[in-house]
Structure formats: C-alpha cells, structure tokens
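Shown next, in structure tokens, is the structure this report addresses.
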Amino acid sequence: MTFQVELYDSDSDRCINLTEKLYWKDAYAKEFTARVSSKTEQALILDRTAFFPEGGGQAADTGSLNNVRVIDVRRQDEDIVHYVETMSDFNIGDEVVGKIDWDRRYRIMRLHTAAHIGFFCFRASFDNDCTASSGRVDDEKERSDYLFTKEFTPEVLKMVEDHANEIISKSLDVKIWFEDTEARETNPWTGAASSITSGLRRKWKIEGFPEMECGGTHVRNTSEIGKITLKKGKNPGGGTRRVEIRLST
C-alpha cells in the first residue's frame, strides 16, 4: 500500500513543485498540452504534466510526448522529469502533446484504491493493530508488507478478501481533498518513526473507513475496481507478511 505525502499551495492552486500536477486535478486525463521549460541530455521538464512520477510506492506512468515514447518519470528537486527515447525533437519553449498509456494507468488506479480498502479490511476483520509498509503498485499487482499481532492464516486471507470485495461492490464514492495537518513523529499506518511537518496534505476516504493521506491516483468509485484476489507473497523477513492484490479482470 502506498503512503505518499506532499505539500500543496492552495493560494495558487498549484503544488509546491514547479511542475503543475495535472494528475492531481484530474486522474482521468488521458491527454494534455504543456511547454518544455527545461531539458537535460536524457529528459524533459514541463510546466505541467499528467504523467504520474515514480513515488510513494506507485509506479511511474508511461506514454508519449509528441509521439516520442516516455519511458520513465521521476521527481528531481522541485521538478518532475520525463525520460524519453530521443531528445532530438525537443527544444525549450516547445509546446508538446502528452498522452498517457491509459489502460496501464487505469489498472494502477484500480489497484491503488483496492490497496487502501484491503488495508482497512485487514484492520476491521482481523487485526485492528496491524501496520503495513513497503507498498508497491503497478499495473500487474499491488503488494504490501504487513506486521500482524495475530496469527495470519489462509483462512484469514480469504475472509479479508471477501470483506474487501463486499466493500468494493457497494459502489462507494472515493473522496479526495486537501487538508491542513499537524506535524507528527510517527506514521499512523506503517507505525514507523517519521518526522512529518505540518501543512496541507492530500487525503483519501470512502464511507465506513477512516481517512488516510495519499498522493497517488485513484478511481472515483469503488465499483470501477471490480473483483480482486488476495494472495500471500514471498515474505521479506523481520516478522512481516507480504500480501499481494490482483484484479480479476
């Protein structure tokens, strides 16, 4: 499960990073226009982008800029950097048309939302004191490493899977908003010591579960996820148990 936390400037309606994050304004945007504000030998920095950069456990988007393949997207200081197959067609100031690999992005959105539901179902159905960390979500699966205070069995996994699918089938709206948050020294979801400053945070919530902070992309309604399956992954050690979530379709 991903736990990405970022600051946002509400006065300008832009994130603090110099690149405007269109994927926060509309996660369903498949195409956009932007200008090249800077470039390196291998990558482009745009004034705005719908490409989600690798971070917080969520895989970076792929796609194209002016029909040139975007192979990776990363954060670099206060910018979002787009790595493309060839740089020869781009100059600073150029207008570009960006296209997201939508099928891939949409699967990631479905899995990311499913990951949060799975986490809260583990707490509600099995172990209210469990924590999760080391999350990773791409278009194939989501995996999280759980630390449980109770014995984790195949029966528990099936029970949580059934609960999660029940929640998904209720067609609940997924609410996303920004909210001022106080500083804290511990991440409430992972249980890890983490000094987090106060400021505006991006929040996620569905009916029946607590809110949580997340900077990733999500579906608007749980019905979009479809049925999911949970399985045990290869345990990473240290007493943690890896759980993988996959889409049935």
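The values are calculated or read from the model by the stated rules, or taken from the named source; none is laboratory data. This structure is a prediction, so every number in the text was calculated from the model and none was measured. Reconstructed Cβ throughout: ideal geometry from the backbone, glycine too, with neighbour counts over all protein chains shown.
Quick look at the values:
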{"item": "First in the range 170-197 and of a type in the set (Val, Ile, Thr) and modelled with pLDDT of 70 or more, second anywhere and surrounded by 12 or more Cβ atoms within 10 Å (Cβ to Cβ) and part of a loop (DSSP other than H, G, I, E, B), Cβ under 7 Å, 6 or more apart", "result": "Val174/Ile206; Val174/His218; Val174/Val219; Val174/Arg220; Ile176/His218"}
{"item": "Number of the condition not met by Arg123 [criteria: (1) touching a helix residue (DSSP H, G or I) at 6+ places or on another chain (Cβ under 9 Å); (2) without any contact (Cβ under 8 Å) to a residue 40 or more places away in the chain]", "result": "(1)"}
{"item": "Test: residue in the range 133-140 that is of a type in the set (Val, Ile, Thr), within 22 Å of Pro53 (Cβ to Cβ) and either surrounded by 23 or more Cβ atoms within 10 Å (Cβ to Cβ) or touching a residue at least 24 places away in the same chain (Cβ under 8 Å) (or both)", "result": "yes"}
{"item": "The range 228-249, subset part of a strand (DSSP E or B) and of a type in the set (Val, Ile, Thr), residue modelled with the lowest pLDDT", "result": "Thr240"}
{"item": "Residue in the range 21-34 that is in a loop (DSSP other than H, G, I, E, B) and either farther than 27 Å from Val174 by Cα or at pLDDT below 95 (or both) present", "result": "no"}
{"item": "Qualifying residues in the range 210-227 (those that are under 22 Å from Arg246 (Cα atoms) and either outside the structural domain of Lys141 (by TED's automatic domain parsing) or outside any loop (DSSP other than H, G, I, E, B) (or both)) - the one modelled with the lowest pLDDT", "result": "Met212"}
{"item": "Number of positions in the range 209-249 that are surrounded by fewer than 15 Cβ atoms within 10 Å (Cβ to Cβ), of a type in the set (Ser, Thr, Tyr) and closer than 20 Å to Trp177 by Cβ", "result": "0"}
{"item": "Condition broken by Asp94, with the remaining ones in (1) farther than 29 Å from Arg220 by Cβ; (2) of a type outside the set (A, V, I, L, M); (3) at pLDDT below 95 satisfied", "result": "(3)"}
{"item": "From the options Glu161, Glu207, Glu166, residue that is in a loop (DSSP other than H, G, I, E, B), modelled with pLDDT of 95 or more, acidic (Asp, Glu) and closer than 16 Å to Ala124 by Cβ", "result": "Glu207"}
{"item": "Some residue of the range 69-81 being closer than 27 Å to Glu140 by Cα and assigned to a loop (DSSP other than H, G, I, E, B)", "result": "no"}
{"item": "Scope the range 223-242; condition touching an Asp or Glu at 6+ places or on another chain (Cβ under 8 Å) and among the β-branched types (Val, Ile, Thr); matching residues", "result": "Ile228, Thr229, Thr240"}
